[in-house]
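Enquirer: One structure coming up, written as structure tokens, with questions to follow.
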Amino acid sequence: MKRKIIWAVVILAVLGAVGGFAASRRGPKAKAVQLGKVERTDLQAKVSANGKIQATKKVDISATVPGQVVHLAVREGDLVQKGQFLLQLDAVNYRATARGSEFSMQALLNELDSARANVAQARADSARAEQNHAAGILSAADVERARTEVASGEASLLATERRVEQARAALEGVRDTLSKTTIRAPIDGIVTAKRIEEGEVAVIGVQNQPGTVLLTISDMSVVEAEMEIDETSIPAVVLGQEARVHIDAYPNKTFDGLVTEVGNSPINTGIGVQTEAIKFKVKVQLKNPPEGIKPGLSVQADILTGFRGKVLTVPLQALVIRDAERKPDEPVAGPPKEEEGVFVVEEGKAAFKAVKTGLIGELSIEVTEGVTEGQTLITGPFRELRTLKPGEAVREQKPDEAEPPRS
């Protein structure tokens, strides 16, 4: 019995040793990873952003003289033509001032006629005095007195002419002020905003400050989407690029657009320190706007910033950025350089390949150097890619091994 126990112990020890040897031969457990391929595809790069529809040409109408609105002739949504009457401000005081200036002007014109007549008479008297002096009838003092009358009359005439010019300018000013009580449409378009009612008092607007805009007229025949582009994407956006515009009010429809303006300065979000993301204004003109489109509609636009046909691409999630290995002759001082690359599968093991990239698409990125078409890539999971080392054994992840979605 004792001998059997000894033999059993020996056999178990041998089996354990054999199992340990086999395990050591197999090596560490292979990591489960997601796989993909280096493919040759058409790559379209784009910048996406949200914005609002607005008319390319619009006018905010403010009062240039204060006054009560005594007649309002349009409603929001009305079509108007250039020069059409829009509203009338109370013009009683302005009209009275203009009539007073007209009467003053008439009085000065009468004075001017009198001054001209006086000068003509003084010149005639001076001429006769000269003749009489030559004939020995008048003295030299009388001749000098006649000449003085001429000079005085001419000076009075000149002063009256200046007063007439001054009165004419004043009359022109008050007539202009009177004309500004009648407001007409500056362009053809649609009344897209009405912020005044009949009976209310219009105040003078300074640079269209809030509360002073009475009406807004927009030419909706040419419309654009005003977008806000993030600072990281703005370098790729240039004038003339095509865009695909989606308007929330017109679902399942895509409208062609063209970039017509790219801002050079960040959008000013207010006074003080900039705390929000820096964005730039970009305008995209719609080539085929729908009939009846209105300003203020929400849009989402994809600006097409580049295209490559049949180029090598890898999925964006496969790209890894890591510290590059130092070369033997490279100084140790300073932080290590970074390099971007991908992990490929070679004989069941991960191998890092440094790559050079080009155009970035929505889900893929162009690779110009480092991999070849058809190579098997490791595309995830992100947690494994972050810790993966060259030479580690890998295997394809089974569907039931996928990471649960992050909450």
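The values are calculated or read from the model by the stated rules, or taken from the named source; none is laboratory data. The structure presented is a predicted model; accordingly, all values stated were derived computationally and were not measured. Don't worry about glycine lacking a Cβ; one is built from the backbone with ideal geometry, like all the others, and counts go over all protein chains shown. For the accessible areas, the whole protein counts, side chains as well, though only heavy atoms, and no ligand, DNA or RNA atoms are used. Shrake-Rupley method; radii C 1.70, N 1.55, O 1.52, S 1.80 Å.
Enquirer: Can you confirm whether Gln317 is under 24 Å from the mean Cα position of the chain (by Cα) and either modelled with pLDDT of 90 or more or under 30 Å from Glu224 (Cβ atoms) (or both)?
Expert: So Gln317 fails the test.
Enquirer: Working only within segment 51-82, note down all residues that are within 14 Å of Ser179 (Cα to Cα) and open to solvent by 40 Å² or more (accessible area, probe 1.4 Å).
Expert: Let us first name the residues in segment 51-82 that are within 14 Å of Ser179 (Cα to Cα), namely 63-67.
Within segment 51-82, Thr64, Pro66 meet the criteria.
Enquirer: Which ranges mark the strands (runs of 3 or more DSSP E) fully within segment 212-277 that have 3 or more residues being over 23 Å from Asp302 (Cβ atoms), open to solvent by less than 60 Å² (accessible area, probe 1.4 Å) and at pLDDT 90 or above?
Expert: Output list reads 213-230.
Enquirer: Looking at Leu12, Leu109, Leu89, can you tell me which residue is modelled with pLDDT of 90 or more and either of a type in the set (Asp, Glu) or open to solvent by 50 Å² or more (accessible area, probe 1.4 Å) (or both)?
Expert: One residue alone meets the criteria, Leu109.
Enquirer: Let me ask something else. Pairs under 6 Å by beta carbon, first residue in a helix (DSSP H, G or I) in segment 97-110, partner open to solvent by 80 Å² or more (accessible area, probe 1.4 Å), six or more apart or different chains?
Expert: Ala98/Arg175; Leu108/Arg163
Enquirer: Residues in segment 143-180 that are under 30 Å from Leu86 (Cβ atoms), of a type in the set (Ser, Thr, Tyr) and touching a helix residue (DSSP H, G or I) at 6+ places or on another chain (Cβ under 6 Å): how many?
Expert: Residues meeting the conditions: 1.
Yes or no, residue by residue, for (1) in a helix (DSSP H, G or I); (2) within 30 Å of Thr56 (Cβ to Cβ); (3) open to solvent by 50 Å² or more (accessible area, probe 1.4 Å); (4) touching a residue at least 24 places away in the same chain (Cβ under 8 Å):
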site	(1), (2), (3), (4)
Arg123	yes, no, yes, yes
Ser126	yes, no, no, yes
Asp142	yes, no, yes, no
Leu157	yes, no, no, yes
Ile196	no, yes, no, yes
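Enquirer: Does Ala324 satisfy being surrounded by 17 or more Cβ atoms within 10 Å (Cβ to Cβ) and either at pLDDT below 90 or under 33 Å from the mean Cα position of the chain (by Cα) (or both)?
Expert: Criteria not met by Ala324.
Enquirer: When segment 360-392 is examined, which residues are found to be at pLDDT 90 or above and in a strand (DSSP E or B)?
Expert: Selection gives Ser364, Ile365, Glu366, Val367, Thr368, Glu369, Thr376, Leu377, Ile378, Thr379.
Enquirer: So Glu291 clears everything in (1) part of a loop (DSSP other than H, G, I, E, B); (2) modelled with pLDDT of 95 or more; (3) not polar (S, T, N, Q) except one condition, right? Which one?
Expert: (2)
Enquirer: What's the total number of residues in segment 57-96 that are closer than 15 Å to Asp219 by Cβ and part of a strand (DSSP E or B)?
Expert: 7
Enquirer: So which residues in segment 343-364 are touching a Pro at 6+ places or on another chain (Cβ under 9 Å) and open to solvent by less than 10 Å² (accessible area, probe 1.4 Å)?
Expert: Residues of segment 343-364 that are touching a Pro at 6+ places or on another chain (Cβ under 9 Å), as a first pass: 343, 349-352, 363-364.
Residues satisfying the conditions are Phe343, Ala350.
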